[in-house]
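Visitor: Please see the structure below; I have some questions.
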Amino acid sequence: MLKREDPVTPCEVSTDLRALLDVVFSHDLVDDCLARIEVLIAARRCKQPSVPRGWVDQTDVILITYGDTIADGVRPTLEVLRDFLSTYVSGYINNIHILPCFPWSSDDGFSIIDYRDICPEFGQWTHIVQISEDFGVMLDAVINHVSSESVWFRGFQEDDPRYRDFFHVCDPTEDYSSVTRPRALPLLRCVETIAGQRHVWTTFSDDQIDLNYANPDVLLEILDVLLHYADKGARFIRLDAIGFLWKKLGTTCMHLPETHAIVKVIRYVFDRAFPDVILLTETNVPHAENVSYFGDGKNEAHMVYQFPLPPLTLHAFYARDARRLSKWASSLEPTSASTTYFNFLSSHDGIGLRPAEGLLTREELSSVAAHVEANGGRVSMRTLPDGETSPYELNISFLDAISEPEDGDACKVEKFLAAQTILLSLVGVPGIYIHSLLGSRNDYRGLEQTGRNRSINREKLNFKSLVDTLARSDSLRAITFEGHKKLLAARRERPAFHPNSRQRVVYVDPRVFSLVREGRGDRVWVLVNVSPDRLTVKVRCTDLGLRSHVRLRDVLSDHRADASGGRIQVVLSGYAKAWFVEDV
């Protein structure tokens, strides 16, 4: 529990911060909250790294993994992870997103018992610090809710005055019908307390109790926790499910002004205490709602997830038509000097379909879901206001999702790496899930053991078995891993792939995803054939921003293409990928 200095000597504070707190708290609470925030900032100013880490660039790639995805049964799993990273990943991937690594009670880590401790099986904070010495570390801020086994909630049940207002005590007779529900579970949980029965708000499950940010003590505790993560070396902090943070009956309780105000407070604090820390918001919602967390480009998140990318990429390969994906990519707003996108195709969660609403028709979304099911995946459904059902999340390993069951290993990898090339080409920072990097298949054993659809893509790996498999050059894992390494090595050498370099879609064929990335004195023409067809692509040099007499080289295959009559002609085999640069 954060120790409050009493009394607190007010410091000079920003009028901007006061205005933000006025959005959240009643006027009589603001002065005390301001002073306490300044104390938090002052305590950290001396802890900033001596060598600034700076903004992201084209060398930045983030590996997504649980802290115990790889284990050897002997060492703490974070020690094993560091061994794997140092031996296999260093030089290709320079950042690691360690999914919640704190003591937890459910939801594979997303129901946190203690924010300030590390799960004993994983190790200790020293292991996080050691990893941060060689890799940029992203830590999860699961701050919408805490575990029902946490000290905070136990204190609430015991009617401890410190925790009495940490949670939302609700009247079950009120109308909650307008509240957005991410899961088909009860919104309220009835609990026994010393003060009697209470109904508390539980957005995600009855073990995940939502925090009450109308109480300044909650905000101050969470700010202290987030600063603690930076103390331990976090380069990135991911604000999980942040859109649900504020509750107001009669609204959807999503993306409310108070939620944005709290994100701005977090940004304000980090800009002063740890200005090199990058904040990433996780909001699995349609694009316009998602990018609202950029704020004005300087006052909210540095990075936001690109949730439409996975379903749009699957649709492109299933339909053998990249036009929907290309149209979306061409519509993306330019980034500011301190904002960019976080791109991914696969993660610990399923592939959400809601972000693709409005980009794909209901029929196209249903077709994608049917294809995933045919490829051995699972589909979760939701009920629409009209009573009809619609698929909302797909659970499957991305390698199995992108390929057909009858495909041989070579074909699977070819399609998969073509999709990964799209991921690595787009404006923003790419995130690669560890099971994508390692070519994992659907984990039916894990699915059977837990009964939860998401377990199909959360396989636990034995370190020795993994090492042995990677040593066999003909194994699916080794082929997929080596293919990633080739792409990553080429990408880091091209300044055009800087997260803020310009992006321009060039339409050449419905079956081809084509764009130009340019900036910092570099230009790359990206081509990915999403079909099995052999194609001849012709494009005017001026459409690529090139001279009429130019020679291009594909940095992935070393193939050349010459301009003739002001046009470039390229032959693409099925599922081919290319990064063409000017051959000088």
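The values are calculated or read from the model by the stated rules, or taken from the named source; none is laboratory data. Quick caveat: nothing in here was measured; it's all calculated off a predicted structure. Note that we place each Cβ from the backbone using ideal geometry, even for glycine, and neighbour counts take in every protein chain shown. Note: areas computed on protein heavy atoms with side chains; ligands, DNA, RNA excluded. Shrake-Rupley method; radii C 1.70, N 1.55, O 1.52, S 1.80 Å.
Visitor: Just for helices (runs of 4 or more DSSP H) wholly inside region 118-235: which have at least 2 residues that are farther than 30 Å from Val61 by Cβ and either among the charged types (D, E, K, R) or in contact (Cβ under 8 Å) with a residue 60 or more places away in the chain (or both)?
Guide: In region 118-235, the matching helices (runs of 4 or more DSSP H) lie at 151-157, 216-231.
Visitor: Take the residues in region 464-476 that are part of a helix (DSSP H, G or I) and open to solvent by less than 40 Å² (accessible area, probe 1.4 Å); name whichever of them is nearest to Gln420 (Cα to Cα).
Guide: So the residue we want is Leu476.
Visitor: Give the residue, chosen from Asp171, Asp107, Asp134, that is loosely packed, with under 15 Cβ neighbours inside 10 Å, under 30 Å from Gly250 (Cα atoms) and among the charged types (D, E, K, R).
Guide: Asp171
Visitor: Among the listed residues Gly376, Gly408, Gly352, identify the single one that is modelled with pLDDT under 95 and under 27 Å from Ala478 (Cβ atoms).
Guide: Result of the check over Gly376, Gly408, Gly352: Gly408.
Visitor: Go through region 436-449 and give me each residue that's part of a helix (DSSP H, G or I) and open to solvent by 60 Å² or more (accessible area, probe 1.4 Å).
Guide: Once the filter is applied, which keeps residues that are part of a helix (DSSP H, G or I) and open to solvent by 60 Å² or more (accessible area, probe 1.4 Å), region 436-449 yields Tyr444, Arg445, Glu448, Gln449.
Visitor: Any chance region 390-405 includes a residue that's among the hydroxyl-bearing types (Ser, Thr, Tyr) and in contact with a His (Cβ under 8 Å, 6 or more places away or on another chain)?
Guide: Yes, because at least one residue in region 390-405 is among the hydroxyl-bearing types (Ser, Thr, Tyr) and in contact with a His (Cβ under 8 Å, 6 or more places away or on another chain).
Visitor: What pairs come out if I take residues in region 450-462 that are under 19 Å from Ile70 (Cβ atoms) and open to solvent by 60 Å² or more (accessible area, probe 1.4 Å) and pair them with residues that are hydroxyl-bearing (Ser, Thr, Tyr) and at pLDDT 95 or above whose C-beta lies under 9 Å away, six or more apart or interchain?
Guide: Within 9 Å, the pairs are Lys460/Tyr66; Lys460/Thr69.
Visitor: Look through Phe84, Phe135, Phe102 and report the one residue that is closer than 30 Å to Ala471 by Cα, of a type in the set (A, V, I, L, M, F, W, C) and within 19 Å of the chain's Cα centre (by Cα).
Guide: Phe135
Rundown of residues vs (1) under 20 Å from Ala322 (Cα atoms); (2) open to solvent by 10 Å² or more (accessible area, probe 1.4 Å); (3) among the charged types (D, E, K, R), yes/no style:
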residue	(1), (2), (3)
His371	yes, yes, no
Glu404	yes, yes, yes
Glu414	yes, yes, yes
Ile434	no, no, no
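Visitor: Right, another one. Please work out which residue is surrounded by the most Cβ atoms within 10 Å (Cβ to Cβ), limiting yourself to region 214-260 and to residues that are basic (Lys, Arg) and closer than 26 Å to Gly136 by Cβ.
Guide: Arg238
Visitor: Hand me the list of strands (runs of 3 or more DSSP E) wholly inside region 504-584 holding 1 or more residues that are in contact (Cβ under 8 Å) with a residue 60 or more places away in the chain and among the polar types (S, T, N, Q).
Guide: Of the strands (runs of 3 or more DSSP E) lying wholly inside region 504-584, those with at least 1 residues that are in contact (Cβ under 8 Å) with a residue 60 or more places away in the chain and among the polar types (S, T, N, Q) span 512-519, 522-529.
Visitor: Condition first: closer than 28 Å to Glu38 by Cα, polar (S, T, N, Q) and either open to solvent by 20 Å² or more (accessible area, probe 1.4 Å) or at pLDDT below 95 (or both). Can you find one or more residues in region 137-155 that meet it?
Guide: The answer is no; no qualifying residue exists.
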